[in-house]
Amino acid sequence: MLSFFSNQIDRQKDVSNEEKTLTDLEKSDGSHFPGDDYRPSDRKNWMAGLTLEKLTLNKIVWPGTHDSATNDIGIPLISRPLAECQTLSIYEQLVLGTRVLDIRVQEDRQICHGILTSYDVDVVIDDVIRFLSETHSEIVILEIRTEFGHKDPPEFETYLADKLGQFLIHQDDNLFNKPVSEILPKRVICIWKPRESPKPSRGGILWNSDYLKDNWIDTDLPWTKFQSNLKHLSEQQPISSRKFFYRVENTVTPQADNPVVWVKPVTDRIRKHARLFISQCVSKGCGDKLQILSTDFIEGDFVDACVGLTHARIEGKI
């Protein structure tokens, strides 16, 4: 028993030390980067506010959400804090400026996070369509995957094609260098990641897992995750030569052997340092490699930071 409590105390010391390391780094290096002072006049239409003829897909720093559809998951005040990574609906996230959605489903098409469920995936699709109907130039990356430990929903590829067909951007390696103005009026890059079913074929209406990559590590230690994100990003090709989307998740994850297991207080250890991460990317020479940056509990300032760096790119400042 004494050993258990000693380990818990040590874990909390590790967390505190790593939080202090990030805070000290921000104090010493700051969190400035090209475009850090840019603020979109309308986050709902932030792509439209840029020069669409210059805004190629590979110049966009895409603000994304992690476990996007968990705002109504589990039982309030009981199991919800263990799995809720967003408090806003999908529609509200898109209006705020989110452009990459991470959706997890199980066999009956319910949204899930582990063993906990929320609503049917129709709610997500309807929110996306509502947003698209209210805007004209915003492109959304919709990643849908079968959650770990679950079976694929039957005929799900057909379902997605039927629901989103008019908006879908077909898979095409040549798209990455194209400006948004040439891709419109198609608006959705839908990436379907089944666990057992055949993955979408190249050149089809849906994109497959080859086109969205990351290097996730499962940790609740913020400096450990921050360093890992920088290391893996530095090893990527520049976006100018990349034929896939690469995601960095500015998140940390509760661990069962730690006394703090609610998502919010754990992920807040790193979430507040998004601008610091972008600044470090630029100062370490990998600012031209950052593409998708995702977060828990997305806020407007996170969107502004991503849009600011995007604006700097199309202005030739980075």
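The values are calculated or read from the model by the stated rules, or taken from the named source; none is laboratory data. Since this is a predicted model, take the numbers as computed values, not measurements. Note that we place each Cβ from the backbone using ideal geometry, even for glycine, and neighbour counts take in every protein chain shown. Heads up: the accessible areas ignore ligands, DNA and RNA and are worked out on the full protein's heavy atoms, side chains in. Shrake-Rupley method; radii C 1.70, N 1.55, O 1.52, S 1.80 Å.
Structural remarks
- Residue satisfying all of: in segment 198-216; modelled with pLDDT of 95 or more and either open to solvent by less than 10 Å² (accessible area, probe 1.4 Å) or among the polar types (S, T, N, Q) (or both); farthest from I129 (Cα to Cα) among these: N215
- Answer from D210, D220 - the residue that is over 15 Å from Q291 (Cα atoms) and assigned to a loop (DSSP other than H, G, I, E, B): D220
- Close pairs from segment 151-169: first within 26 Å of I115 (Cβ to Cβ), partner of a type in the set (F, W, Y) and surrounded by 19 or more Cβ atoms within 10 Å (Cβ to Cβ), Cβ under 9 Å, at least 6 apart: F156/W192; E157/W192; L160/W192
- Within segment 49-73, residues that are of a type in the set (D, E, K, R) reach partners that are in a loop (DSSP other than H, G, I, E, B) with beta carbons closer than 7 Å, at six or more positions or on different chains, in the pairs D67/C85; D67/Q86.
- Residue in segment 102-122 that is surrounded by 20 or more Cβ atoms within 10 Å (Cβ to Cβ), within 17 Å of the chain's Cα centre (by Cα), at pLDDT 95 or above and within 20 Å of V61 (Cβ to Cβ) present: yes
- Selection count where residues are closer than 15 Å to I90 by Cα and charged (D, E, K, R), scope segment 107-137: 6
- If you go through segment 217-254 and pick out every residue that is touching a residue at least 60 places away in the same chain (Cβ under 8 Å) and open to solvent by less than 40 Å² (accessible area, probe 1.4 Å), you end up with 11.
- Meets criteria (touching a residue at least 40 places away in the same chain (Cβ under 8 Å) and of a type in the set (G, A, S)) for A274: no
- Residue within segment 170-189 that is among the acidic types (D, E) and buried (at least 17 other Cβ atoms within 10 Å of the Cβ) present: no
- Residue match in segment 127-148 (condition: more than 21 Å from V180 (Cβ to Cβ), at pLDDT below 95 and open to solvent by 60 Å² or more (accessible area, probe 1.4 Å)): yes
- Selected residue (only one of T98, T87, T70, T51 is within 24 Å of V252 (Cβ to Cβ), open to solvent by 50 Å² or more (accessible area, probe 1.4 Å) and either assigned to a loop (DSSP other than H, G, I, E, B) or of a type outside the set (D, E) (or both)): T87
- Against the test of being more than 22 Å from I239 (Cβ to Cβ) and part of a helix (DSSP H, G or I), the options I270, I278 yield a single qualifying residue, I270.
- Within segment 209-268, the set of residues being farther than 26 Å from I73 by Cβ and of a type in the set (A, V, I, L, M, F, W, C) comprises W223, F226, L230, L233, I239, F244.
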